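Everything below concerns the one structure shown next.
The values are calculated or read from the model by the stated rules, or taken from the named source; none is laboratory data. Keep in mind that this is a model prediction, so the values were computed, not measured. Cβ placement follows ideal geometry from the backbone for every residue including glycine, while neighbour counts extend to all protein chains displayed. We work out accessible area using only protein heavy atoms, side chains counted, and drop any ligands, DNA or RNA first. Shrake-Rupley method; radii C 1.70, N 1.55, O 1.52, S 1.80 Å.
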Amino acid sequence: MLPDLLILGLVIGANNFAAALALGSLGQAHRQWRILPVFALFEFGVPFIGLWLGKQVAGFLADGLGWLGPTLIALLGVWTLLEAHRETNDSERLAHTLTSWRGIIGLSAVMSLDNLVVGFGLGLGGLPVLLTATVIMFCSVAFAWAGLRLGARGRRAYQKWAKALSGLSLIAVAAADWLGWL
């Protein structure tokens, strides 16, 4: 089970990598002691809530609705792929705004909304809530740290690829869940 959770954590952490890569490439890596703890709080708390809600709802759902969790995760993967191709022009000004205390909390909350859906979908499958949320948080923060470091070295071009990889990975997790491999 732990290898499956680590793969899941790596997939979910790719979103944080993409955001941190952008922030690092815009000179915000020096704010890592603000960014990483806030990311950690949201990357643990939001999936935890989603997993817990999914477990609660799973008790009420009939066996015929086992497709719901993987479908939600796959739809999130498709949405992430679509977002990877969207352009933003005011990224430097946005980076400064997003790394203020208010901004980083808002960014973390928005980025964690997909983790609520993922957590809910996985909670329907009965994964252990505390362990899963902890693995997601650990992987997400590790990816965010790496993204800040790489971004600080000027690797801005990789942001779209990281987001696209995240979307494809979510679709793969959904397919593995659907096939009963997770």
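Things to note:
- Hey, Ser140 buried (at least 19 other Cβ atoms within 10 Å of the Cβ) and either at pLDDT below 75 or acidic (Asp, Glu) (or both) or not: no
- Residue in the range 1-60 that is nearest to Gly147 (Cα to Cα), counting only those that are of a type in the set (S, T, N, Q) and open to solvent by less than 10 Å² (accessible area, probe 1.4 Å): Asn16
- Contacts under 6 angstrom Cβ, first residue in the range 122-145 being more than 16 Å from Ile35 (Cβ to Cβ), partner surrounded by fewer than 17 Cβ atoms within 10 Å (Cβ to Cβ), 6 or more apart: Val129/Trp52
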